[in-house]
Amino acid sequence: MKNKKNSDDKRNFISIFYEELSNSSLTIIILSIISGFIMGGILVILTSPEVYKAFGTSFLSGISTSWKIVANTYSSLFLGALGDPAKIGAAIQSGDSALIQKAFTPFLESLVVTTPYLFTGVAVALGFRAGLFNIGAEGQVLVGAIAAGWAGWTFTGLSPWIHVPLAMLVGALAGGLWGFVPGFLKVRTGAHEVITTIMMNYVAYYLIYYLISSPLRDPNEVTPKTPWILDSAHLYRFFPEPIRFHLGFFIAIAVAILVWFILFKTTWGFEIRSVGLNPNASKYAGMNITLVTVAAMALSGAIAGMAGASEILGVTWRQSQALASGYGFDSIALALLAQNHPLGVILTALLFGLLRSGSRVMQLRAGTPIYIINILQSFIILFIAAPAIIRTIYRLKKQSVKEVSTSTISFSAKK
Amino acid sequence: METPMQNEKIKIILNYLSNYRQHIPGVFFILVALFIKLVLTKSIEPEALTTFSTNINHTAIQIPNWVFNTRFALDLIAGLCAGLGLYQIIRGFKKGISSIIGAIGGLVVLGFLVWGASGTSISFTGMLAVMVIRSVPITIGALAGILSERAGIVNIAIEGMMIAGAFAGAVIGSILGLWAGILAAILIGALLGLVHAVLSIKYKVDQIISGTMINIFSTGLTSYLFIKFLQDSQNQWLNESGFFKPYAIPLLSKIPVIGPIFFDHNLFIYAMYFLVILLSIALFKTKWGLRHRSVGEHPKAADTLGVNVFRTRYLACVLSGMVAGFGGAYFSLGSVGRFEQTMTAGRGFIALAAMIFGNWNPLGALQAGMLFGFAESLTTKLSLLQFPIPAEVLLMLPYIITMVVLAGVVGRSRGPAADGIPYEKESL
């Protein structure tokens, strides 16, 4: 005992700093992201025939070729996501507003891609907080989109001030319904939400396919498509035509902040988190876990539904049968990365949005397939979920307090 | 203080509650019967005929096609549904209720087929043969899930293991031949299973997160490699594995109707039968199976009795990965003979549903796999028939049925008790 105290006294500034750094979960997150990029880089090198050729001539040229390929891949990824800094600088100096807009287009486009991620990420994070694994965001996005679209072209003669919120609300309600069903089934019958939400995804998929192919089809189109939504239902776009950056982005940020407020500053949010951490204890403390679970799942679905609504009202303006978005599935990784914190989701959604939007340019310029993004994501999740790996690689000190990791109740967990 | 009166009251209430679980499905069955009788039958002429052709070209013994009166057949189906519903209300099916719900689903679909094919003919045998083929990845995936979950490890990475297996099978199969392809698929599955095991057993990562990570990784890596290498026209030889040809089992395949449906397929279908039987015996009739299951139900007790919990779980994950990898090879080596991006199309997740539907039991998984397979074979048939009701509505049916079964209107399906819970040895 005495010994330990002595050694504590001797700690100097650097060791305290090092310990704090090791204990911070932010360190782990940043190192995870960096490591994810390193692993992706290694993969790019391993799968480039040029590298093997260069190593055939000499070791040095092999190293330099590897470096060139990785640098080219990641630099075009960032160029695609953020825009060319040289162009941006030149545009700002010239002061021409059209040029400035053009230079910022890639970044604004990334924000457009970020918007649905924000909604779905918050939705999945909210579910996790309540101990619910909502894989159904994909289906909730789809029904939200079609419902908002329906409201967008059906109600005529409304002012945008009424029409847009109305359409968003209809989308949220549809998504909420899609979340409510698995939540309800879970509390009433114990059906596990992982399976029911997957089933709901398929039901949503076929339902939308059917709706677009007949009842909601625009009769003037050759291929099945819905009609265009009315102008009054368009989410406001801040810039002229080619730039699609729209109001939905700020709505999504507001939703993230609102959910953070609910989760951490209200009694109801406390109940959600408490039920997620320990349903039994919450029950004995007198909370109504049935109500909390159903409400959390429905709210999660509603927020995911808003993702679909903001896509159709802000970006596509109509729905075709090319449905798969992938936003719902990516958002699982995204929420985990944010440690299910709604404000953290803002950052990780931005990261995912930048990656997704930049990856298209990367594939064109560097010839690296966009799917490198999925591999990056999977490694980042791996490192975040198993911090012990990161601690071993970077020789960080073992954390004294046990980390609270994200946990989901498994298939047979008792109600 | 409870008086006997209160006790009686509680008993009555409990009785009512348990009956309510029993009555709902019964009422539902009868509603289905009414729907068939009142909605479907009404639109059919009394003399209309439906033909189910039962012969596929090369069957030796030809039997006559089944031609029957559409209305009569529909009445029969409605009668069956009503009968099942009445029995459910009066006596209750208790344990077998999942199968009954499956049967009702089957009857409804059959009813729609009879109704839709009224006045024309439909290849009944062909459709069921397709059902068996399409059930393969779902059943094998479900078996993979059973293997790991019976030992207490949730494996939602089946989808990822399957796509990896499909890829390895196609590429190695193109270079070294079909059998090497299968071997590669099994190995890559085992590797991913090992990753899942290390993450969830050693690092105690939440098993669902670990599984999600493997899914994202495999889907990403196979798509990445596909675009990078296999799309190039110069590299086409890397993705031309070909596939296992069907082999008609002598004698068995000659049985009319049954033969072409079950015994005229390729390796993967027979492997599925074999695996179902093997696992049923191994899990429930051998010492190994008892130990395996005890680890999934009560690891502490198993540990106390000298079963090595960690080793059992590692083995379970690797075996599960091997089976899933093999199932994935079906997509490339068993069906189209090449790899395509995202060719598993969510079958790994359906397999999970089939596993739960089949109550973590290999035979149940086979039944559930057949149900989903039937739904898929409908897809192709319905588009040919110019069906009067939208195909998509019918296609939703298996998913809705799964939810109804899961929802345990019928009594809860119970997985292994320690499923998904990491095991920690208590230190003394």
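The values are calculated or read from the model by the stated rules, or taken from the named source; none is laboratory data. Note that this is a predicted model, so its numbers are computed, not measured. Cβ placement follows ideal geometry from the backbone for every residue including glycine, while neighbour counts extend to all protein chains displayed. Only protein heavy atoms, including side chains, enter the accessible area calculation; ligands, DNA and RNA are left aside. Shrake-Rupley method; radii C 1.70, N 1.55, O 1.52, S 1.80 Å.
Remarks
- Spacing of the modelled spin labels on A:Y284 and A:Q93, each 7 Å from Cα toward Cβ, amounts to 7.0 nm.
- Of all complete DSSP H helices in chain B, those with a Cα span along the helix axis of 20 Å or greater and a mean Kyte-Doolittle hydropathy of 1.0 or more are B:70-90, B:97-116, B:124-149, B:158-176, B:178-197, B:267-285, B:309-329.
- Extension gain, B:S43 to B:W288: 0.36 nm times the residue separation minus the Cα-Cα distance gives 82.5 nm.
- Neighbouring partner chain Cβ atoms per residue of A:35-44, average, 10 Å criterion: 1
- In chain A, Cα pairs under 8 Å separated by at least six residues give a relative contact order of 30 percent.
- Prolate/oblate/rounded call for the range B:133-370, Cα gyration tensor, a/c under 1.5 rounded: oblate
- In terms of its C-alpha gyration tensor, the range A:107-357 has a prolate overall shape, because the principal axis ratio a/c (a ≥ b ≥ c, square roots of the eigenvalues) is not below 1.5 and a/b outweighs b/c.
- Peptides A:188-194, A:155-161, A:326-332 ranked from most to least packed, by the mean per-residue count of other Cβ atoms within 10 Å: A:326-332, A:188-194, A:155-161.
- Each Lys or Arg adds one and each Asp or Glu subtracts one; over the other residues with Cβ under 14 Å from the Cβ of B:Q234, this totals -1.
- Average partner coverage of A:144-156, which counts Cβ from other chains inside 10 Å: 0
- Interface A-B: total buried accessible area of about 4500 Å², 1.4 Å probe, protein heavy atoms only.
- Considering only the protein assembly as shown, percent of DSSP beta bridges that pair antiparallel, nearest 5: 75
- Based on C-alpha pairs under 8 angstrom that are at least 6 apart in sequence, chain B has a relative contact order of 26 percent.
- Pairs from B:K42/B:K381; A:K68/B:K204; A:K186/A:K283 whose Cα-Cα separation, in the structure shown, is over 27 Å: A:K68/B:K204
- Choice from B:L194, B:L38, B:L80 with maximal GNM fluctuation in chain B (Cα, 10 Å cutoff): B:L38
- Helix-only [θ]222 nm of chain A, DSSP H runs n ≥ 4, -39500 (n - 2.57) each, per residue, nearest 500: -24000 deg cm²/dmol
- Expressed as a whole percent, the accessible area of the range B:133-370 that falls on carbon and sulfur atoms is 69 (1.4 Å probe).
- Of B:K202/B:K425; B:K254/B:K285; B:K245/B:K285; B:K202/B:K300; A:K102/B:K228, those spanning more than 22 Å from alpha-carbon to alpha-carbon: B:K254/B:K285; B:K245/B:K285; A:K102/B:K228
- Accessible surface calculations at 1.4 Å, restricted to protein heavy atoms, place the protein assembly as shown at 45 Å² per residue.
- Taking a ≥ b ≥ c as the square roots of the Cα gyration tensor eigenvalues, the protein assembly as shown comes out rounded, since a/c falls below 1.5.
- Summing Lys and Arg as +1 and Asp and Glu as -1 over all other residues whose Cβ lies under 14 Å from the Cβ of B:R313 gives a net charge of +3.
- Residues of the range B:175-218 that lose at least 20 Å² of accessible area (1.4 Å probe, protein heavy atoms only) when the other protein chains are present, relative to their chain alone, are B:L199, B:Y203, B:V205, B:D206, B:I208, B:I209, B:T212, B:M213, B:I216, B:F217.
- Shielding score for A:363-376, defined as the mean number of other chain Cβ atoms within 10 Å: 4
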